[in-house]
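Below is one structure, written out as structure tokens; the observations come after it.
The values are calculated or read from the model by the stated rules, or taken from the named source; none is laboratory data. All of these numbers come straight from a predicted model, not from anything done at the bench. Reconstructed Cβ throughout: ideal geometry from the backbone, glycine too, with neighbour counts over all protein chains shown.
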Amino acid sequence: MEHVYHIPEQKEKETFVFYTTLLKNMKVLVATEKPFAKVAVDGIREVVEKAGYQLILLEKYTAKEQLLEAVADADALIIRSDNVDAEVLDAAKQLKIVVRAGAGYDNIDLAAATAHSVVAMNTPGQNSNAVAELALGLMVMAVRNMYNGTSGTELKGKKLGIHAYGNVGRNVARIAKGFGMEIYAYDAYCPDEVMVAEGVMPLHSAEELYTTCDVVSLHIPATPETKGSINYALLKNMPKGGLLVNTARKEVINEEELIRFMQERTDFRYVTDVMPAADQKMHELFEERYFATPKKMGAQTAEANINAGIAAAKQIVDFFVNGVTKFQVNK
Ligand code: 3PG
């Protein structure tokens, strides 16, 4: 375990008092362009203030300059999908830790964080049920023709493909079982036994998943390897009436190829919680075969905000007090 603020037992009393004073004056900034529910902010405040630190809130900011100004004297930072790049880290002269209250940390420049000696963490699993519930909600909406009153289809008996079997994927599987779906998953990093134990049939390539399943639910992170990986060549494997649900990241989709595919395959539908750059064009072209939420809302529930926000605050306190770096992602 790395003890960043560990005080050696033999330190003189004055030094201990000095360190303690330092710790007590910590400023924890919550910078959320898309704010947490108030009840979650109250919970974060309680954890932070109980530790003797000060909570600073920057919610619904509209310009990067506001973030640059607010981070100047922050010792710790809690964010959601807010971008923490080299410029933000340059401006954050006191910063020791940034915690992404959520799963995906593609919005943090990890190399820059390391270069600035800033520990970066996420809070895995804390908001995954909320995202999974929305994935199922989007599925129902799509197979009921966007609730337009026409006759749709049911999820029961359909084959669901979970693309990446992490915390969200597992929750999607759990809920989809209740709908009576047949569940398959592909995840290069998850052992077959884990899926089998949860009643999920493991497949061994993305091609196999897309060929087998009527509905595919995306849960892959945005990495250099996955960006643009959901492309024409992969989608063309999907059976007639196929449905793709994306509650992951827009960057994993090759938008140009998705549009070309949907123009050719007029039976195919795409519903997403991460709005494509070509949203307007896709609405015009595909009408009720396409839907995007106006703002990413998978993790936008009071429960997910409380879980992820308070976990982030606790991880910060645990880091400063005990040097715990369990969820560090820039090792
Ligand atoms: C995540 O990575 O945890 C989800 O995409 C949620 O993101 P959000 O906190 O911006 O809603």
So residue 233 clears everything in (1) in contact with a Leu (Cβ under 9 Å, 6 or more places away or on another chain); (2) farther than 27 Å from residue 174 by Cα; (3) not polar (S, T, N, Q) except one condition, right? Which one?
(1)
Quick check on residue 106: is it within 12 Å of the ligand (Cβ to nearest atom) and either closer than 22 Å to residue 59 by Cα or free of Cβ contacts under 8 Å to residues at least 40 places away in the same chain (or both)?
yes
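Could you look through the stretch 267-280, keep only residues that are touching a helix residue (DSSP H, G or I) at 6+ places or on another chain (Cβ under 7 Å) and more than 15 Å from residue 242 (Cβ to Cβ), and pick out the one that is farthest from the ligand (Cβ to nearest atom)? Break it down stepwise before answering.
Step one: filter the stretch 267-280 for residues touching a helix residue (DSSP H, G or I) at 6+ places or on another chain (Cβ under 7 Å), giving 268-271, 273-278.
Those still in the list that are more than 15 Å from residue 242 (Cβ to Cβ) too: 273-278.
Numbers: 273: 8, 274: 8, 275: 13, 276: 16, 277: 17, 278: 20 Å.
So the residue we want is 278.
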Filter pass, residue 130 being touching a Gly at 6+ places or on another chain (Cβ under 7 Å), at pLDDT 95 or above and within 10 Å of the ligand (Cβ to nearest atom):
yes
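More than 30 Å from residue 124 (Cβ to Cβ) and of a type in the set (A, V, I, L, M), is that true of residue 253?
Working: more than 30 Å from residue 124 (Cβ to Cβ): no; of a type in the set (A, V, I, L, M): yes.
Against the criterion (more than 30 Å from residue 124 (Cβ to Cβ) and of a type in the set (A, V, I, L, M)), residue 253 does not qualify.
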Which residues, taken from the stretch 81-117, are closer than 17 Å to residue 27 by Cα, surrounded by fewer than 23 Cβ atoms within 10 Å (Cβ to Cβ) and in contact with a strand residue (DSSP E or B) (Cβ under 7 Å, 6 or more places away or on another chain)?
96
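Give the number of residues within the stretch 201-215 that are within 22 Å of the chain's Cα centre (by Cα) and either assigned to a strand (DSSP E or B) or at pLDDT below 95 (or both).
The total comes to 1.
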With respect to the numbered conditions (1) in contact with a strand residue (DSSP E or B) (Cβ under 9 Å, 6 or more places away or on another chain); (2) over 19 Å from residue 47 (Cβ atoms); (3) basic (Lys, Arg), which one is the sole condition not fulfilled by residue 296?
(1)
When the residues of the stretch 109-119 are filtered to those that are in a loop (DSSP other than H, G, I, E, B) and not charged (D, E, K, R), which remaining residue is nearest to the ligand (Cβ to nearest atom)?
118
In the list 259, 253, which residue meets the criterion of being over 20 Å from residue 162 (Cα atoms), among the hydrophobic types (A, V, I, L, M, F, W, C) and either away from the ligand (no atom under 16 Å from the Cβ) or in contact with a strand residue (DSSP E or B) (Cβ under 8 Å, 6 or more places away or on another chain) (or both)?
259
Is it the case, given these coordinates, that residue 55 is away from the ligand (no atom under 16 Å from the Cβ), touching a strand residue (DSSP E or B) at 6+ places or on another chain (Cβ under 8 Å), within 18 Å of residue 40 (Cα to Cα) and in a strand (DSSP E or B)?
yes
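Taking the stated definitions as given, is residue 77 more than 11 Å from the ligand (Cβ to nearest atom), of a type outside the set (Lys, Arg) and more than 26 Å from residue 168 (Cβ to Cβ)? Outline the logic, then answer.
On the way: more than 11 Å from the ligand (Cβ to nearest atom): yes; of a type outside the set (Lys, Arg): yes; more than 26 Å from residue 168 (Cβ to Cβ): no.
When the stated conditions are applied, residue 77 does not pass them.
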Test: residue 155 is farther than 21 Å from residue 311 by Cβ, over 22 Å from the mean Cα position of the chain (by Cα) and surrounded by 17 or more Cβ atoms within 10 Å (Cβ to Cβ)
yes
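Kindly provide the set of residues from the stretch 89-102 that are more than 16 Å from the ligand (Cβ to nearest atom) and free of Cβ contacts under 8 Å to residues at least 60 places away in the same chain, ordered by number.
Those that are more than 16 Å from the ligand (Cβ to nearest atom) and free of Cβ contacts under 8 Å to residues at least 60 places away in the same chain: 89, 90, 91, 92, 93, 95.
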